[in-house]
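K.L.:
Quick one: this structure, given as structure tokens, is what I'll be asking you about.
The values are calculated or read from the model by the stated rules, or taken from the named source; none is laboratory data. These numbers were taken from a predicted model, which means no experiment stands behind them. Positions of Cβ are backbone-derived with ideal geometry, glycine not excepted, and every protein chain shown enters the neighbour counts.
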Amino acid sequence: MSIRSLVEAYNALDRLDLRVLRLLEAAHVRREYIPYGLVVRWAGRDEGAVGRSLSKLNRLGLIQRIKGPYEGFRLTFNAYDVLALHTLRKSGKLVSISPTPIGVGKESVVYSGEIPSGVKAAVKFHRTGTSSFIRARKARAFLARRRHLTKLYEARLSAHAEFAALSAVFDGGGLVPEPIAVNRHVVVMRYIEGVDARRIRPEDALPTARDVVETVEVALENGIIHGDLSPYNILVGDRAYVIDWPQWIPASSPNSVEALSRDIARLEELFSGFNISIDKNRLINIIVNNKYKQIDFSNVYERVLRSFIKT
Ligand SMILES: Nc1ncnc2c1ncn2[C@@H]1O[C@H](COP(=O)(O)OP(=O)(O)O)[C@@H](O)[C@H]1O
Ligand SMILES: [Mg+2]
């Protein structure tokens, strides 16, 4: 669904509709389809009003109805988009969003938006999961009991993983978009004016290389390896910024040196045409000599798991 249709759907919702969406979301933690009777009971309103709301949400493409042994409902991904936008708006994190995407990647759709201070933001909707946390034991255990949430859960975990990395690297002084908010599967961060590094101008090459290496170093010192450091994920504007962090790999993981070497190889490929070399050993040594902060990344999934139970 386009963001325009989403915003239209959102604007058409009244309090009861939002209430029904939220209660379906909460009920999904236990089951895939929510029986009609349960929706009516939880909504705490007369059956006629709840029935009309369900028909409207169905028409707007925010829920799906099944008729089997019992009549039941489930949220669509569009509904999660609407709920995330609603929460971000209500909590004063986001004022508006652009009608067309500024970036459509393999794993996300990104819109520009505006935050209350008037600053331009990038609003990234995660569509699938690339976070390495998904393979973690706790995450798998959570999912084993909730197969129907897999896609959403992975998108959500990726968004939170990305937000955690952006926060750590930004706080450490690295050049990444300032993280503003995360809700469900959506990350709001500062918009970077710039172009990606695929066709870098010769005069930009050296400052870009310096900025990126500095950011890689800050990330490493915070225990984080980007894991997908391609020219597409470097935005060159006033400075060069590294974006797209959901797949980051902890420096303490067994394949960290390999992952970092791959990232560095991509940088060497990008900058070799300009006769710029990367001091690979210095970066690798941060991992090898354990010169990084141990991050407690169980915190990240704890937070996401809790956010599922709460909503
Ligand atoms: N903070 C940002 N500022 C400006 N543009 C951005 C920002 N974040 C993402 N984009 C745009 O959206 C595209 C996709 O975002 P990215 O984070 O790389 O996700 P994906 O995993 O889908 O590649 C980027 O290539 C870029 O064009
Ligand atoms: Mg990308």
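The rows are residues; the columns are (1) more than 16 Å from ligand 1 (Cβ to nearest atom); (2) without any contact (Cβ under 8 Å) to a residue 24 or more places away in the chain; (3) acidic (Asp, Glu).
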site	(1), (2), (3)
181	no, no, no
205	yes, no, no
281	yes, yes, no
284	yes, no, no
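K.L.:
Considering only the range 89-116, state which residues are in a loop (DSSP other than H, G, I, E, B) and within 16 Å of ligand 1 (Cβ to nearest atom).
P.N.:
If the condition is that a residue be in a loop (DSSP other than H, G, I, E, B) and within 16 Å of ligand 1 (Cβ to nearest atom), then 93, 94, 98, 99, 100, 101, 102, 105, 106, 107, 115 are the ones that fit.
K.L.:
Could you check the range 187-213 and list, in sequence order, the residues that are in contact with a strand residue (DSSP E or B) (Cβ under 9 Å, 6 or more places away or on another chain) and away from ligand 2 (no atom under 16 Å from the Cβ)?
P.N.:
Those that are in contact with a strand residue (DSSP E or B) (Cβ under 9 Å, 6 or more places away or on another chain) and away from ligand 2 (no atom under 16 Å from the Cβ): 188, 190, 193, 200, 201, 204, 207, 208, 209, 210, 211.
For every residue, the table says whether it meets (1) charged (D, E, K, R); (2) within 30 Å of residue 84 (Cβ to Cβ).
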residue: 198; (1), (2): yes, no
residue: 210; (1), (2): yes, no
residue: 225; (1), (2): no, yes
residue: 247; (1), (2): no, yes
residue: 272; (1), (2): no, no
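K.L.:
Identify the residue in the range 9-47 that is of a type in the set (Gly, Ala, Ser) and over 16 Å from residue 71 (Cβ atoms) and, among all such residues, is nearest to the chain's Cα centre (by Cα).
P.N.:
26
K.L.:
Search the range 226-261 for residues being without any contact (Cβ under 8 Å) to a residue 12 or more places away in the chain and not acidic (Asp, Glu), and hand back the single one that is farthest from ligand 2 (Cβ to nearest atom).
P.N.:
Taking the candidates together, the pick is 254.
K.L.:
Answer with yes or no whether residue 62 is within 16 Å of ligand 1 (Cβ to nearest atom) and surrounded by 16 or more Cβ atoms within 10 Å (Cβ to Cβ).
P.N.:
It is false that residue 62 is within 16 Å of ligand 1 (Cβ to nearest atom) and surrounded by 16 or more Cβ atoms within 10 Å (Cβ to Cβ).
K.L.:
Of all residues in the range 65-101, how many are surrounded by 14 or more Cβ atoms within 10 Å (Cβ to Cβ) and in contact (Cβ under 8 Å) with a residue 24 or more places away in the chain?
P.N.:
Residues flagged as surrounded by 14 or more Cβ atoms within 10 Å (Cβ to Cβ) and in contact (Cβ under 8 Å) with a residue 24 or more places away in the chain within the range 65-101 amount to 22.
K.L.:
Among the listed residues 152, 143, 166, which satisfies the condition of being assigned by TED's automatic domain parsing to the domain that holds residue 260 and either closer than 15 Å to residue 242 by Cα or within 13 Å of ligand 1 (Cβ to nearest atom) (or both)?
P.N.:
166
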